[in-house]
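Notes follow once the structure below has been shown.
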Amino acid sequence: MTEELLINISPSESRVAVLEDGILNEIFIERHSKLGSVGNIYLGTVVRVLPGMQAAFIDIGQSRTAFLHVNDMQTLRPKLSAIEPPKPQNPAIDNTLDPDTTTLAMTTTTYQPPPSELIENRLYEGQRILVQVIKDQLGSKGARLTTDVSLPSRYLVYLPYGEHIGISQRIDGDERERLKTQLGELMHQVNLQGGLIARTAAENIPQSKLEEDIYYLLQLWRMVQARREQTPTHRRFELIYQDLSLPLRAIRDLIGEQTERVTVDNARVFDAIRHFAKEFVPLIYPRIQLYEGEQALFDVHRVEEDLKDALNRRVNLKSGGYLIIDQTEALTTVDVNTGGYVGSRNFEETVFKTNLEAAGGIARQLRLRNLGGIIVIDFIDMHDDDHREAVLSELGKHLARDRVKTMVSHFSGLGLVEMTRKRTRESLAHMLCEPCAACAGKGIVKTPRSVAYDILREILREARQFNPREIRVLAHPKVIDLLSDEESPHLAGLSDFIGKPISLVSEPVMHQDEFDVVLI
């Protein structure tokens, strides 16, 4: 697999597209007027403490107060290995909770903290506290916070309040032991207090580079502490540390051995990326190129077209099958259909081939649309257990390339696959779209006939309460046409019944299910 990064810069936003074998798999968008806050460190003020929820609301200067749960405070989180999670009632849906809610569920049901660790004994209203954003504000929910501050570099993550050395799960064998040993020695050498996590990029990196990263992180933490001390006491909130801009974060976090090229369409950002890469990611430095073509960079690689498709409910598969993806506030559903694919052998083989292709398509759409939370997949029914296992294996293989944590269950008794994908930022649809003004996000509107009957009922209701000279109806042209033609006998009968003339006015600016009954 080959990977390429396309970085598109405009005055209003920055966009990074990740192409795998020439196909768009991920898109990151940062609006300059509304920068994301994940990773930012704030000195905030406690607004309210909720003992019943073991949580607090913190003012960090955003439109909604941010949320801090007791599980996300250092020294308060129990060792999860010592907690036995509740057994699910149905083994088929084991491990389907959101990774972010699993800890909460286990804690509230099995872990009873001593009084000294209760949030009401640790926080009070008006208290200033150093916090870091781990989830952006999503819809009506404020940002989620932690006091377990973490500072990332190219190869490492520094945990000032941590107590251990962790290694990325994607690194195994002798390399895990080498990194753990060398990081332990380096921490002792520089007297670094806290914990470290070796990122996937740290694999096979020499000790000298790891040492440079540690010194960088140590200086960064000293800067955070200094800014905290220098913040005036009268300020309710202060941004202490802000993460890198999207283009630089992409170079820090997304570059790997499989990355063949980084293409940037802005000369100023190109220079900044090259300068950053030369110091922190030298392996990619010679592969960074400036795009100066006349056609837009994203148009050349069909990114704009793929983005439009990613906002549709229906996703066509190459075989002729298709997916229907519906996103709600609570969960996302994915329905797999054979469509025009008829196969070449038998129906069971057709279903199996469609589901196999759908597994890869679903994994791609989850990344491209940045869908998170609970996801329910309705594959086409398969009776062969080997086929089911093969489809699950194919789904797992494609999800393994996802940078976001996922958990997948087996097929349930109803033939559904339930999974979760960690949610840290808005989905693509929530970022680029808003609810339809006509249907208010329902996806449906009343038919003209239904609206016409609503109007007839409203006329009768108004006539009984008041005594107007005339009644005038304003509605969408389709509704007016229906009342003037097919429903004219009913309208005339109603006019005779109430003894008042009824006039109709067509209003093209009205939505189809809008109307107004005016008493004259």
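The values are calculated or read from the model by the stated rules, or taken from the named source; none is laboratory data. From a predicted model like this one, the values you see are computed outputs, not experimental measurements. Note that we place each Cβ from the backbone using ideal geometry, even for glycine, and neighbour counts take in every protein chain shown. Areas reflect the complete protein model, heavy atoms only, side chains present, ligands, DNA and RNA absent. Shrake-Rupley method; radii C 1.70, N 1.55, O 1.52, S 1.80 Å.
Just so you know, in the stretch 228-251 the residues that are among the acidic types (D, E) and in contact with a helix residue (DSSP H, G or I) (Cβ under 9 Å, 6 or more places away or on another chain) include one that is most open to solvent (accessible area, probe 1.4 Å), and it is E238. Looking only at the stretch 263-290, residues that are out of contact with any Phe, Trp or Tyr (no Cβ under 6 Å at 6 or more places or on another chain) and either closer than 23 Å to T200 by Cα or surrounded by 17 or more Cβ atoms within 10 Å (Cβ to Cβ) (or both) come to 17 in all. Counting only helices (runs of 4 or more DSSP H) that sit completely within the stretch 415-485, those holding 3 or more residues that are open to solvent by 40 Å² or more (accessible area, probe 1.4 Å), modelled with pLDDT under 95 and more than 17 Å from S506 (Cβ to Cβ) correspond to 428-432, 448-465.
Among the residues of the stretch 238-256, some residue qualifies, meaning at least one is part of a loop (DSSP other than H, G, I, E, B), in contact (Cβ under 8 Å) with a residue 60 or more places away in the chain and among the hydrophobic types (A, V, I, L, M, F, W, C). Considering (1) closer than 30 Å to R423 by Cα; (2) surrounded by 14 or more Cβ atoms within 10 Å (Cβ to Cβ), the lone condition that E348 does not fulfil carries the number (1).
Considering only the stretch 22-43, I want to know if a residue exists there that is open to solvent by less than 10 Å² (accessible area, probe 1.4 Å) and over 23 Å from L248 (Cβ atoms). Within the stretch 22-43, one or more residues are open to solvent by less than 10 Å² (accessible area, probe 1.4 Å) and over 23 Å from L248 (Cβ atoms). Quick one: would you say T350 is of a type in the set (V, I, T) and within 20 Å of G372 (Cβ to Cβ)? For T350, the condition - of a type in the set (V, I, T) and within 20 Å of G372 (Cβ to Cβ) - is not met.
If I ask for residues that are assigned to a strand (DSSP E or B) and surrounded by fewer than 20 Cβ atoms within 10 Å (Cβ to Cβ), which ones from the stretch 131-143 would you list?
To start, the set of residues in the stretch 131-143 that are assigned to a strand (DSSP E or B) comprises 131-135, 138, 141.
Within the stretch 131-143, I134, L138, K141 meet the criteria.
Which ones in the stretch 171-227 are in a loop (DSSP other than H, G, I, E, B), surrounded by 15 or more Cβ atoms within 10 Å (Cβ to Cβ) and not basic (K, R)? Step through it out loud before you land on a result.
Step one: list which residues in the stretch 171-227 are in a loop (DSSP other than H, G, I, E, B), which gives 171-173, 191-194, 199, 203-206.
Then keep just the ones that are surrounded by 15 or more Cβ atoms within 10 Å (Cβ to Cβ); that gives 171, 192, 194, 199, 203, 205.
I171, L192, G194, E203, I205, listed by residue number.
Taken as a whole, the condition of being open to solvent by 80 Å² or more (accessible area, probe 1.4 Å), of a type outside the set (S, T, Y) and farther than 26 Å from D72 by Cβ does not apply to E125.
Residue pairs whose Cβ atoms lie under 9 Å apart, separated by 6 or more positions or on different chains, with the first residue in the stretch 483-504 and within 15 Å of R464 (Cβ to Cβ) and the second part of a loop (DSSP other than H, G, I, E, B) and not hydroxyl-bearing (S, T, Y), are S495/P501; K500/N467; K500/P468; K500/R469; K500/E470; I502/E470.
Looking only at the stretch 351-359, decide whether some residue is surrounded by 15 or more Cβ atoms within 10 Å (Cβ to Cβ) and in contact (Cβ under 8 Å) with a residue 40 or more places away in the chain. Outline the logic, then answer.
Narrowing the stretch 351-359 to residues surrounded by 15 or more Cβ atoms within 10 Å (Cβ to Cβ): 351-359.
In the following step, the residues that additionally are in contact (Cβ under 8 Å) with a residue 40 or more places away in the chain were identified as 357-358.
Scanning the stretch 351-359 turns up at least one residue that is surrounded by 15 or more Cβ atoms within 10 Å (Cβ to Cβ) and in contact (Cβ under 8 Å) with a residue 40 or more places away in the chain.
May I ask you to list the residues in the stretch 303-337 that are part of a loop (DSSP other than H, G, I, E, B) and over 23 Å from the mean Cα position of the chain (by Cα)?
Here is the first cut: in the stretch 303-337, the ones part of a loop (DSSP other than H, G, I, E, B) are 310-313, 317-321, 328-330.
Correct list: L317, K318, S319, G320, G321.
Would you check if K180 is modelled with pLDDT under 90 and not small (G, A, S)? Steps first, please.
Values: modelled with pLDDT under 90: no; not small (G, A, S): yes.
It is false that K180 is modelled with pLDDT under 90 and not small (G, A, S).
Can you find even one residue in the stretch 296-319 that is more than 23 Å from A363 (Cβ to Cβ), touching a strand residue (DSSP E or B) at 6+ places or on another chain (Cβ under 7 Å) and either open to solvent by 40 Å² or more (accessible area, probe 1.4 Å) or not hydroxyl-bearing (S, T, Y) (or both)?
Here is the first cut: in the stretch 296-319, the residues more than 23 Å from A363 (Cβ to Cβ) are 296-297, 299-300.
Checking which are touching a strand residue (DSSP E or B) at 6+ places or on another chain (Cβ under 7 Å) leaves us with 297.
With either open to solvent by 40 Å² or more (accessible area, probe 1.4 Å) or not hydroxyl-bearing (S, T, Y) (or both) added as a condition, the list becomes 297.
For the stretch 296-319, residues more than 23 Å from A363 (Cβ to Cβ), touching a strand residue (DSSP E or B) at 6+ places or on another chain (Cβ under 7 Å) and either open to solvent by 40 Å² or more (accessible area, probe 1.4 Å) or not hydroxyl-bearing (S, T, Y) (or both): present.
Identify, from the list R425, R469, the residue that is touching a Pro at 6+ places or on another chain (Cβ under 9 Å) and touching a residue at least 12 places away in the same chain (Cβ under 8 Å). Walk me through how you get there before you give the answer.
Numbers: R425 fails: touching a Pro at 6+ places or on another chain (Cβ under 9 Å).
Criteria check complete, one pass: R469.
A residue that is at pLDDT 95 or above, over 24 Å from L19 (Cα atoms), assigned to a loop (DSSP other than H, G, I, E, B) and not β-branched (V, I, T) occurs somewhere in the stretch 368-383.
Could you tell me which of the residues A400, A390, A440 is hydrophobic (A, V, I, L, M, F, W, C) and on the phi > 0 side of the Ramachandran plot?
Details: A400 fails: on the phi > 0 side of the Ramachandran plot; A390 fails: on the phi > 0 side of the Ramachandran plot.
Going through A400, A390, A440 in turn, the sole match is A440.
The listed residues are S412, S393, and the only one of them that is in contact (Cβ under 8 Å) with a residue 40 or more places away in the chain and surrounded by fewer than 18 Cβ atoms within 10 Å (Cβ to Cβ) turns out to be S412. For the stretch 270-291, filtered to residues that are touching a Pro at 6+ places or on another chain (Cβ under 9 Å) and of a type in the set (A, V, I, L, M), the residue that is farthest from I251 (Cα to Cα) is A272. Contact annotation: residue pairs with Cβ atoms under 6 Å, 6 or more positions apart or on different chains, pairing a residue in the stretch 18-36 that is more than 14 Å from G361 (Cα to Cα) with a partner that is among the β-branched types (V, I, T), are D21/T2; F28/V16.
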